[in-house]
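Colleague: Below: one structure in structure tokens.
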Amino acid sequence: MSVLKSRPVLRWLVPVAAVATVIGGGAAIGTFAAEAEPSLPPRTAAQLLVDLQTSRLEGLSGTVVQRADLGLPPIAGLVGGNELTTLLTGTHTLRVWYSGPDKQRVALLDTLGERDVIRNGRDVWTWDSRANAATHRTLGAGVPGEPAVDDHAPELPGTPQEAADQALAAIDPSTAVSVGRSATVAGRDAYELVLEPRDDASLVHQFRIAIDAREHVPLRFEVFATGSDQPAFEMAFTQVDYQRPDADQFVFNPPPGVRVSEESTDRPDRADRKPAAAEQPQVRAVGTGWTTVLEARIDAAGKAGAGKTAGPAGAELGGVLNSLPAVNGDWGSGRLLTGKLFSVLLTDDGRVLAGAVTPERLYQVARG
């Protein structure tokens with residue numbers, strides 16, 4: 001599944017809470033609607049943070065619905081694949097099973113089939129029902145006594161828990177933390193933890209995390225853009241069960257006729273890695289916290305306004321870049337891509353600057 005592979009230059013295109021492997025589904029947006037506000041004993045933000053950090057989840061299964069409304073122009077050429085483009089808009093559904101750190105399964109649903117990612121110990125399977133194809137990979141052994149290391153594991157969250165972990169990792173003096181309203185999510189009473197950037201240059205207004213009042217597991221995760229009272233991104237359980245799933249859920253038996261590919265697990269040494277690393281753009285982070293800007297230098301084919309890359313994909317990329325608004329200033333000139341939660345500046349001198357920030361912040365960094 002190509003969408004699981006790392007895209008270092010375009011990583012900023014997906015918000016921190018996105019489900020990297022979701023494909024088009026059919027869940028109704030109305031499933032996100034909260035039920036009547038329950039009456040719960042008061043808890044402080046500090047207590048809720050402790051609840052999240054000390055919860056011990058042995059097993060879980062359920063249905064997760066994700067919705068994105070990022071206010072993006074057509075960007076298929078930029079991201080290089082319809083799967084990721086689909087993730088950035090609309091509503092999607094997946095089933096999840098969890099039985100500890102080495103037994104996990106995600107079933108990605110749409111109207112024409114499903115795609116599964118299954119981990120059972122060191123074995124990882126991906127399966128595409130529409131293509132009738134599967135891939136098997138054996139994870140490295142890692143350090144004795146520690147979990148196996150997977151260099152190809154997806155970097156983006158697949159459940160509200162993973163999304164919450166990433167958001168909580170960003171808490172520092174630049175973030176205000178408070179308690180919101182209680183809610184009922186997937187039939188469970190929940191507290192709400194609210195994270196709000198203090199810097200006005202951030203396009204993120206709030207993160208809201210609904211936390212199961214008894215199990216302390218995130219049930220809903222929402223991201224609000226500045227100036228909007230509707231989530232630009234949200235993901236939530238619509239059904240959840242805390243019983244440990246049967247072991248059979250993590251055993252993949254290839255269906256008859258399926259094409260099975262074995263993926264190499266060879267780990268090149270440092271000398272072998274250097275040429276590959278040299279091909280990757282050099283990325284630097286400017287600033288800290290919510291207003292961090294990533295700056296990368298790209299090759300001539302990726303410059304703003306470029307349209308000379310060979311093949312249909314190159315023509316599409318050039319067309320998308322040329323359709324973006326032209327901007328200029330004392331920092332230079334280029335093209336600007338804006339969404340509700342991020343801005344991206346592609347300069348004519350071959351740089352990409354991106355962050356969950358206003359365009360003015362990008363221009364400041366581009367100026368140097």
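The values are calculated or read from the model by the stated rules, or taken from the named source; none is laboratory data. The structure displayed is predicted, hence computed values, not measured ones. Cβ: placed from backbone, ideal geometry, glycine included. Neighbour counts: every protein chain shown. SASA here: full protein model, heavy atoms, side chains in, ligands and nucleic acids out. Shrake-Rupley method; radii C 1.70, N 1.55, O 1.52, S 1.80 Å.
Colleague: Taking only segment 208-230 into account, find how many residues are touching a residue at least 24 places away in the same chain (Cβ under 8 Å) and open to solvent by 10 Å² or more (accessible area, probe 1.4 Å).
Modeller: Total meeting the criteria: 9.
Colleague: Starting from residues that are of a type outside the set (A, V, I, L, M, F, W, C) and either more than 20 Å from the chain's Cα centre (by Cα) or open to solvent by less than 10 Å² (accessible area, probe 1.4 Å) (or both), keep the ones in segment 190-207 and report whichever is farthest from GLU58 (Cα to Cα).
Modeller: ASP200
Colleague: I would also like to ask the following. Quick one: count up the residues across segment 272-295 that are at pLDDT below 90, part of a helix (DSSP H, G or I) and open to solvent by less than 90 Å² (accessible area, probe 1.4 Å).
Modeller: Qualifying residue count for the region: 6.
Colleague: If you don't mind, another one. Which of the residues belonging to segment 319-365 are outside any strand (DSSP E or B), among the aliphatic types (A, V, I, L, M), at pLDDT below 95 and more than 21 Å from the chain's Cα centre (by Cα)?
Modeller: VAL320, LEU321, LEU324
Colleague: Could you tell me how many of the residues in segment 176-222 are of a type in the set (Ser, Thr, Tyr) and within 20 Å of GLY289 (Cβ to Cβ)?
Modeller: So the count comes out to 2.
Colleague: Check off (1) in contact with a helix residue (DSSP H, G or I) (Cβ under 9 Å, 6 or more places away or on another chain); (2) on the phi > 0 side of the Ramachandran plot for GLY257 and give me the number that stays unchecked.
Modeller: Of everything listed in (1) in contact with a helix residue (DSSP H, G or I) (Cβ under 9 Å, 6 or more places away or on another chain); (2) on the phi > 0 side of the Ramachandran plot, GLY257 misses just condition (1).
Colleague: Would you be able to say whether some residue in segment 240-249 is modelled with pLDDT of 90 or more and part of a strand (DSSP E or B)?
Modeller: Checked segment 240-249: at least one residue is modelled with pLDDT of 90 or more and part of a strand (DSSP E or B).
Colleague: Can you find a residue that is modelled with pLDDT under 90, within 30 Å of GLU234 (Cβ to Cβ) and charged (D, E, K, R) anywhere in segment 297-305?
Modeller: Looking for residues that are modelled with pLDDT under 90, within 30 Å of GLU234 (Cβ to Cβ) and charged (D, E, K, R), one finds none in segment 297-305, hence no.
Colleague: What's the total number of residues in segment 195-206 that are without any contact (Cβ under 8 Å) to a residue 60 or more places away in the chain and either part of a strand (DSSP E or B) or closer than 18 Å to PRO38 by Cα (or both)?
Modeller: Qualifying residue count for the region: 4.
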